Each structure stands twice: as structure tokens, then as C-alpha cells.
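*Asks:* Structure in C-alpha cells, see below.
The values are calculated or read from the model by the stated rules, or taken from the named source; none is laboratory data. Note that the structure is predicted; figures quoted are calculated from it, not measured. Don't worry about glycine lacking a Cβ; one is built from the backbone with ideal geometry, like all the others, and counts go over all protein chains shown. Accessible surface areas use protein heavy atoms only, side chains included; no ligands, DNA or RNA. Shrake-Rupley method; radii C 1.70, N 1.55, O 1.52, S 1.80 Å.
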Amino acid sequence: MKKLYPLLIALLSMPLMKAQTDLKIYDIINSVSAERIENDVTTLVNFGTRHTLSDTVSQTRGIGAARRWIKSEFEKISSECNDCLEVFYQKNLIPKGDNARIVNDVWVVNVVAIQKGTKFPNRYIIMSGDIDSRVSDPTNYTSDSPGANDNASGMAGTIEAARVLSKYQFESSVIYVGLSGEEQGLYGGKGLAEYAKEKGWDIIGILNNDMIGNITGVDGVVSNRDFRIFSEPVPPTETEQERRARRFYGGEVDGISRQLARYVYKTTKTYMPEMNPMMIYRLDRFGRGGHHRPFNDAGFAGIRIMEAHENYTQQHQDIRVEDGIAYGDVLEHVNFGYAKKLTAVNAINLASLAWAPPAPETVEIGGIVEPNAKLRWSKVDGAVGYKIYWRDTTSPTWDHARYVGDVNEFVLEGIVLDNYFFGVAAVGKDGHESPVVFPNKVFR
Ligand SMILES: [Zn+2]
């Protein structure tokens, strides 16, 4: 028995023998509170309307009161973590007539809370929800517009994630943000994406939460397990040269937002196996929009996380009863246990990405007319090793992986380049991984 100890110690100290999961992630899941989310959604609903053009002076009604409350909540969280959050308004003045929904000059004001990373303060992973709400007429800024699910649920989830994650320290920065002007034309996201560009933020991606509380679909399907991850295939900012290269080297379904979607899918499957994440291969719902899009437009990775079964009678509706149907986005329709689950999905992905090293900047692939695929990549600060992923060309997920240690090139014996897609991720000391990088160079 005694002789076993040195062997055990040797085994435990090998990085490869470490558990594939980080117990801190389970603690994060368990710390998310449905009750606090319910309280926050209720508070937001009680501002009467949060329409972007609504009252900003009242202390009890309108978007001004709502954003001041959100800011004070972030400040309260910060005061309980040694001022770990930097809280501020980021705003842009939108002139009357900018589009048909801007019927007055209006300041679109986002509430931003930044938890600075200890090692990579200029690298950011973002979680967003929306402050604003609307009824049937998008220019009606006075009627009651509770927006309980759309999108007090996403906003409350974002505040709750800040509460939970502020108890931890991360190597990269985490941003929790309430965006405004969504219903008027995605103005808040556009404003913050421009601000990020000006400041030179290195953005890992944005997890945009828009409607994370409804479990009863208009089609009658009820599920508190299913949720959707929307991601566009390739960035709209790609060059003509990149577009042409895709014909020969692939990458049609491997843009940066899609890799972020796969990351969220995998983390959820690993740590919350009761959930059923659905990767949807499109920017957003058919012909509809969300606040991740302005980030995509700016060249950043961004996805939309939301319920799987929507109820259209409870979105963007005047509160009324018509033909026996109760219309309106009211508090009673929000399932807080489900909102808690989707908040946890966000929190564990924010944590995992903020604990992980940066992704390799360049990944080169070779092995044309050879029996083996070859990969080489640029090393990153903070990685203990690298993992090569590959998958059948028809598979949506990275089904095969090989951890190859702290090297910058590897030959996959017997794996023919033509038959798979490949990528490389950096692995940190607690096993947290960067998103997978699809090869961006070819070598012979
Ligand atoms: Zn909406």
C-alpha cells in the first residue's frame, strides 16, 4: 500500500490525468438564484414601460428610472466585492427621424459593468440583456409595456450573473451590460460595439440574451430543457479573398461566432447535461433581429441565447384580451426556474472563457496529398497545452479531440485532411479552453 503513494502523487501531478471538469463551475451553477431573478424581473416590470423613448425624469416609471436602478444594482454588487466592478453609462444621441421608430431625439443609454481580468484586462467576454420594452406600436412610448420576458428576463439574468461571478477572479475581463434601444433598431448594441472599437477592446465574444424565460410555445410545446444558440456562419466583415479561399479550404460553417456557439453547446453538455441546447445555424430568427448583430457587424464573435419555444401572443403586444387570448408580455408568463438555468448557461461560459487562455492567433493546416493531417499554430501566454479538434464535414460539433501538450505543431497519423474539418484550442491550467480556431493559413 505504501508503495502506491509515490505513484499516486506522480499520477495526480500529471496535467493529463487531471479531471476534465472544474468543480468551481458546479458551484457557479448552484449559486444562480431563481428567486433573485424573479425579484429583478418584477422590479423591471414595475417601471410600467421601459420604452427607449419613455420618461427619463420620473423615479418610478420609464426607462430613466429603470436604468438608474440597474446601475445602482451593479454598484451594490460591486460594493460587496471590493469594488470589483467598474460601472458606467455608455450613451449615444440618436436624432429624431433616424428611422421611423425614432420619433424624438433620444439618448440611447447602456449600463455597463466591467469586472477587470487579472492577467488580460483588455480581453473581454460580454453578457448582455436589454433594458427596453415595447407594445404593438413600436413608437408608443407611454402605454404599459411590461416586457417581462422580452427582455427583463435577459436583463435580470445578466445582473444575476454579475452577482454570482463577482465572487471569483478571472484572468480576462467580464462585461455585464444592459443595452437599450433594441426595439427601435439595435441602437444600444451598435453604440457599445463602436465604443469597443474606439477603445481597442479585444473581444472574445458577446453572449446576447434575449428572452430566456418562456417555456410554453405558441405551438403548444412546453419544455424547460430546450434552448437555442443562434450564430451566423461567417463574419459579414470577411474579405473577398477570404470568401474565395473558402471554396478550396472550407470554413462555410466555421466562422468565429459559430465557434463561440459550439463552445457554449459543449460547456452546457459537459456541466448541465439535463439541458438541451439547440445550435441554430442562422444569425437570428427568420428575418428578425437581436443585439448580437451589431457586434457581428463590427467583426466580433456574438451569439444569441434564448428560449426554444416562443409565444408570439406574448411579445410586442398591447395588453388585451382578444378572441379569448390574453395578449401581452406580463410577469405571469415567465418561468424563473428556466431563466435561472439559462443564466447559469451564460455564467459558466463567461467563467470558462475568462479563465481560459487566449485562442491561438494563427492556425496553419497542411497535409495535402499525404496520409496525415498536419497542424501548427502560434502559442499563447498562459496555455499549458493545446488540443486539436476535428469532425466529419457533416457534423455540427467537434466530435474528435486530441490533447497534444505544450507544442506548436502536430501530425495526426492516419487522419486524411480531405475527410474532416480541423481546429485548435489553447488549454489553461484548470482545463478551461479557448474557443476552437479554424485554420487561417495553409502550408505544404
Ligand atoms: Zn423584442
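*Asks:* What is the extension gain from Asp219 to Asp144, computed as 0.36 nm multiplied by their sequence separation minus the C-alpha to C-alpha distance, in nm to one decimal?
*Replies:* 24.3 nm
*Asks:* Using protein chains only and a probe of 1.4 angstrom, how many square angstrom of Tyr141 are accessible, to the nearest 10?
*Replies:* The value for Tyr141 is about 80 Å².
*Asks:* I would also like to ask the following. With every protein chain kept in the model, how would you rank Arg225, Arg36 by accessible area, 1.4 Å probe, largest at the top?
*Replies:* Values: Arg225 115, Arg36 90 Å².
Order by accessible area, largest first: Arg225, Arg36.
*Asks:* Right, next: What FRET efficiency, computed as 1/(1 + (r/R0)^6) with R0 = 30 Å and r the Cβ-Cβ distance, is obtained for Glu86 and Thr239, rounded to the nearest 0.05? It would help to have the intermediate numbers written out before the result.
*Replies:* On the way: r = 35 Å, r/R0 = 1.16.
Efficiency, rounded to the nearest 0.05: 0.30.
*Asks:* Take the alpha carbon atoms of region 198-230, find their center, do the same for region 45-93, and report the distance between the two centers in whole angstrom.
*Replies:* 22 Å
*Asks:* Mean Kyte-Doolittle of at least 0.5 and a Cα length of 15 Å or more along the axis: which whole DSSP H helices of the chain meet both?
*Replies:* 154-165, 336-355
*Asks:* On a C-alpha basis, how far is the centre of region 288-326 from the centre of region 338-412 in Å? Whole number, if you could?
*Replies:* Taking the Cα centre of each part, region 288-326 and region 338-412 sit 31 Å apart.
*Asks:* Which residues does a label at Val411 reach in region 355-374, if reach means a backbone N under 18 Å from a point 7 Å past the Cα toward the Cβ?
*Replies:* Once the point is set 7 Å along Cα→Cβ of Val411, 364-374 turn out to lie under 18 Å by backbone N, inside region 355-374.
*Asks:* According to the Kirkwood expression over distinct Cα-Cα pairs, how big is the hydrodynamic radius of the chain, in Å? Let's see the in-between values first.
*Replies:* Numbers: mean 1/r = 0.0441 Å⁻¹.
Averaging 1/r across every pair of different Cα atoms and inverting gives 22.7 Å.
*Asks:* Over the chain, average the accessible area per residue using a 1.4 Å probe and give it in Å², no decimals. Before the final figure, lay out each step's value.
*Replies:* Values: 19100 Å² over 444 residues.
Accessible surface, normalised per residue, equals 43 Å².
*Asks:* A follow-up question, please. Can you tell me how much longer the chain between Asn39 and Asn419 gets when fully stretched, taken as 0.36 nm per residue apart minus their C-alpha distance, in nm with one decimal?
*Replies:* Working it through step by step, the gained length comes to 131.6 nm.
*Asks:* Can you sort Glu409, Glu86 by 1.4 Å-probe accessible area, starting with the largest? Please report the intermediate quantities before stating the final value.
*Replies:* On the way: Glu409 110, Glu86 90 Å².
Listed by decreasing accessible area, they come as Glu409, Glu86.
*Asks:* Continuing with the same structure: Heavy atoms of the protein only, probe of 1.4 Å, neighbouring chains included. What is the accessible area of Lys96 in Å², nearest 10?
*Replies:* We get 140 Å² for Lys96.
*Asks:* Are there trypsin sites (Lys or Arg not before Pro) in region 270-333 that DSSP marks as loop and that have at most 16 other Cβ atoms within 10 Å, and which are they? The partial results should precede the final answer.
*Replies:* Working: sites: Arg282, Arg285, Arg288, Arg304, Arg320; in loops: Arg282, Arg285, Arg288.
Counting only loop positions with at most 16 other Cβ atoms within 10 Å, the trypsin sites (Lys or Arg not before Pro) in region 270-333 are Arg282, Arg285, Arg288.
*Asks:* Report relative contact order for the chain in percent, whole number only (criteria: Cα-Cα under 8 Å, sequence separation at least 6). Display every interim value, and only then the final one.
*Replies:* Details: 1053 pairs, mean separation 71.1, N = 444.
Averaging sequence separation for qualifying contacts and normalising by length gives 16 percent for the chain.
*Asks:* Related question: Quick check for me: using +1 on Lys/Arg Cβ and -1 on Asp/Glu Cβ, what's the dipole size of the chain about its Cα centre, in debye to the nearest 20?
*Replies:* Taking the Cα centre of the chain as origin, the dipole is about 1340 debye.
*Asks:* Would you pull out the residues with amide H under 5 Å of Val437's amide H, same chain only if 5 or more places away, H placed 1.01 Å from N?
*Replies:* Val424, Ala425
*Asks:* Set the Förster distance to 41 Å, then compute FRET efficiency between Thr394 and Tyr26 from the Cβ-Cβ distance, nearest 0.05. Could the numbers behind the result be given before it?
*Replies:* Values: r = 33 Å, r/R0 = 0.81.
Efficiency computed from Cβ-Cβ geometry: 0.80.
*Asks:* On to the next question. As a test of reading the structure, rank His291, His333 by solvent-accessible area (1.4 Å probe, protein chains only), most first.
*Replies:* Result, largest first: His333, His291.
*Asks:* When DSSP assigns beta bridges and you keep just the ones with both residues in the chain, what percent turn out antiparallel, to the nearest 5?
*Replies:* 65 percent
*Asks:* Give me the net charge for the shell around Asn208: Cβ to Cβ below 10 angstrom, other residues only, Lys and Arg +1, Asp and Glu -1. Mind dumping the intermediate values first?
*Replies:* Values: positive: Arg293, Arg304; negative: Asp130, Glu182, Asp210, Asp284.
Combined, the nearby Lys, Arg, Asp and Glu give -2.
*Asks:* Taking the Cα-to-Cβ direction at Thr362 and at Asp137 and moving 7 Å from each Cα, how far apart do the two end points lie in nm?
*Replies:* In this crude label model, Thr362 to Asp137 measures out at 5.9 nm.
*Asks:* At R0 = 51 Å, how high is the FRET efficiency between Lys167 and Val57 if r is their beta carbon distance? Nearest 0.05 is fine.
*Replies:* Approximately 0.90, to the nearest 0.05.
*Asks:* Let me ask something else. Modelling each spin label as a point 7 Å along the Cα-to-Cβ direction, I'd like the Lys379/Tyr195 distance in nm, to one decimal.
*Replies:* Label-label distance for Lys379 and Tyr195, simple model: 3.8 nm.
*Asks:* Considering the options Ala65, Gly181, Ser257, tell which one lies farthest towards the positive end of the dipole of the chain, charges being +1 on Lys and Arg and -1 on Asp and Glu at the Cβ, about the Cα centre.
*Replies:* Ser257
*Asks:* Sticking with this one: Which Rg and Dmax, in Å, describe the Cα atoms of region 60-161?
*Replies:* Expressed in Å, the Cα Rg and Dmax of region 60-161 come to 15.6, 47.
*Asks:* Using protein chains only and a probe of 1.4 angstrom, how many square angstrom of His51 are accessible, to the nearest 10?
*Replies:* 0 Å²
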